[in-house]
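What follows is calculated from the coordinates using simple rules that are stated; it is not laboratory data. Given the structure is predicted, the values throughout are model-derived calculations rather than measurements. Here the Cβ positions follow ideal geometry from the backbone for every residue, glycine too, while neighbour counts run over all protein chains shown.
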Amino acid sequence: MANIEQLEQIAKQVRRDIIRMIHDAKSGHPGGSLGCADLLTALFFHFLDINPTKFTQEGANEDVFFLSNGHISPLLYSVMARRGYFPIDELATFRKLNSRLQGHPTAVKGLPGIRASSGSLGQGLSVSIGAAIAKKNNKDTKLIYTLVGDGELQEGQNWEAIMFAGANKIDNLIAIVDYNKKQIDGSTDDVLSLGDLKAKFEAFDWKVIEMDGNNMKELLRGLERAKELTGKQSPVLILMKTEMGMGVDFMMGTHKWHGTPPNDEQFKIALSQLPETLGDY
């Protein structure tokens, strides 16, 4: 289990991996990937009870993570490779023909760590609830975690799932919303306002906590609090405030890097801000 300093160093390398993968592929989604790098680092290297070298689709007797906003796949791939699910040098195949590392995660490629495809937005929460119910039916006490984008909550299927989870007391589920208030075409307020998300989830009988997703100490504290709230007859939501593009100054404060790869000059500037801490692939 990594400490805060170690987690921060891992997150720096993960951000560097993200920029290198997307630049090499000349396509991908850097903004949200960079913003959520601290969260996935904390989950995979500190919180999740997992066994990367003995991956199974069932995930019996271990925690299971689902990425609903699948476009931030370079982040997931980097973290999984660094955690030991598959060789780190496979990151060089991101978005290449016949690669297991497709632009959006797909289970049909047989990549260890991927249990569901997540290209279409709005489906991951439903998938996660199904997995949570399966664990309950199997008397499996481990937890289901899922990450959802805030813009993704404009998809109606989410609200059916949110209603279902609250009504059915799915209390082995921790959902995390990446609350950066930006999406592909602008701010979420301008495209389709999300309103008071905390109040909305609470209205469907969820327990809600808020945290800073780019502060490792606060992030760990928030995840620990969320875990303490499980098993108490309500699903748990973390409203995680992040900065899209975190770690690369010219990618922060704007939605424009949602799905735009850096050119060669921008690539060099970005890497100069992201130190190599674990060794590049």
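Miscellaneous remarks
- Taken over the alpha carbons of segment 45-171 as equal point scatterers, the Debye sum produces base-10 log I(q)/I(0) values at 0.15, 0.19, 0.20 Å⁻¹ of -0.72, -1.10, -1.20.
- Formal net charge of residues neighbouring Thr277 (Cβ-Cβ distance under 13 Å; K, R +1; D, E -1): -1
- Using only Cα coordinates, the Kirkwood hydrodynamic radius of the chain works out to 18.7 Å.
- Two-decimal log10 I(q)/I(0) for segment 99-255, as the Debye equation yields it once each C-alpha is a single scatterer, q = 0.12, 0.14, 0.15, 0.19 Å⁻¹: -0.55, -0.76, -0.87, -1.33
- If you take the Cα centroid of segment 225-244 and the Cα centroid of segment 64-80, the two points sit 18 Å apart.
- Sparse-neighbourhood loop sites, trypsin sites (Lys or Arg not before Pro) in segment 1-89 - DSSP loop, at most 16 other Cβ within 10 angstrom: Lys26
- In Å, descending, principal axis extents of the Cα set of segment 212-281: 52, 29, 19
- Segment 128-226, relative contact order [Cα under 8 Å, separation at least 6], %: 26 percent
- Centroid-to-centroid separation of segment 84-155 and segment 249-281 [C-alpha atoms, Å]: 24 Å
- Neighbourhood net charge (12 Å Cβ-Cβ; Lys/Arg +1, Asp/Glu -1) for Asn158: -3
- Expressed to the nearest 5 percent, the antiparallel share of DSSP beta bridges inside segment 4-272 is 10 percent.
- Vicinal HN-Hα couplings computed from phi for segment 235-251 (Karplus, 6.51 cos²θ - 1.76 cosθ + 1.60; Hz; Gly/Pro x): x, 10, 10, 10, 8, 9, 7, 9, 10, 4, x, 3, x, 10, 4, 7, 9
- Each residue of segment 259-272 was assigned a 3J(HN,Hα) from its phi angle through the Karplus expression (A = 6.51, B = -1.76, C = 1.60, θ = phi - 60°), giving x, 10, x, x, 7, 4, 5, 5, 4, 5, 5, 4, 5, 5 Hz with x at Gly and Pro.
- Placing unit charges on the Cβ atoms of the charged side chains and taking the dipole of the chain about its Cα centre, the candidate lying farthest along the positive direction among Gly124, Gln183, Leu239 is Gly124.
- Report summary: the helix-based calculation at 222 nm, which adds -39500 (n - 2.57) for every DSSP H run with n ≥ 4 and divides by the residues of the chain, gives -11500 deg cm²/dmol.
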